[in-house]
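Structure first, commentary second.
Every number in this text was worked out from the coordinates using simple rules, so none of it is lab data. On a predicted model such as this, the values are computed, not experimentally measured, just so you know. As a convention, Cβ positions derive from the backbone with ideal geometry for all residues, glycine included, and neighbour counts pool all protein chains shown.
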Amino acid sequence: MTLTIWVDDWQMQCCGQSFAPGDVVSWTLLETDPEDHADVVGSERADEIDFREEHHGQGEGRAPTSVEVVSIAEVHCRFGVPPGAADNVDHPVPGTTVLVPVNRADGWAKVRPDARFVGYLVTARRATDEPAGEAAPGQ
């Protein structure tokens, strides 16, 4: 079974370690509310996100989870002030998301015209200590 994990661009840029498909990483995974990502990736794709990666304190007391990275996609979207907004604050523009499959994540992305890099969608599976095809004792 695979998991879909959101990784914020700023967390990777601050103190994340780069990763690639095939790497086994140890991350603090927090459950996420689809509404947290719906503005950026759309509600249908947001429903598919199982966890978000966190390494800035919100996951204190939680044991890290080892996962094997299967695939990585950069997430880019446009930002703008919504029509009729009372403030002058940029928000994600619905329907402008662009996913770019990549072979490595390091927190940085090639600049795309009219879209801002905001994070990664990572497909992963839980890592196990058993060699492939062997069950844990008692199973």
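Helical content of the chain, expressed as a calculated mean residue ellipticity at 222 nm, amounts to -3000 deg cm²/dmol (DSSP H runs of 4 or more residues, -39,500 (n - 2.57) each, divided by residue number, nearest 500).
What FRET efficiency, computed as 1/(1 + (r/R0)^6) with R0 = 25 Å and r the Cβ-Cβ distance, is obtained for Met1 and Arg62, rounded to the nearest 0.05? Don't skip to the end; give the middle numbers.
Details: r = 20 Å, r/R0 = 0.81.
Using R0 = 25 Å, I get an efficiency of 0.80.
Quick one: if you take sqrt(5λ) for each eigenvalue of the C-alpha gyration tensor of the chain, what semi-axes come out, biggest first, whole angstrom?
On the way: eigenvalues 189, 49, 40 Å².
Ellipsoid half-lengths, sorted descending, are 31, 16, 14 Å.
When you restrict to C-alpha pairs under 8 Å that are six or more residues apart and normalise by the size of the chain, the relative contact order lands at 36 percent. Toward the positive end of the charge dipole of the chain, with +1 on the Cβ of Lys and Arg and -1 on the Cβ of Asp and Glu, the farthest Cα among Ala115, Gln17, Thr32 is that of Ala115.
Distance between the 7 Å Cα→Cβ label points at Arg126 and Gln13: 3.4 nm. If R0 equals 41 Å, the separation of the Cβ atoms of Asp50 and Ala86 corresponds to a calculated FRET efficiency of about 0.70. Grab the beta carbon distance between Trp108 and Glu31, set R0 = 35 Å, and tell me the FRET efficiency rounded to 0.05. For Trp108 and Glu31, the calculated efficiency is 0.80.
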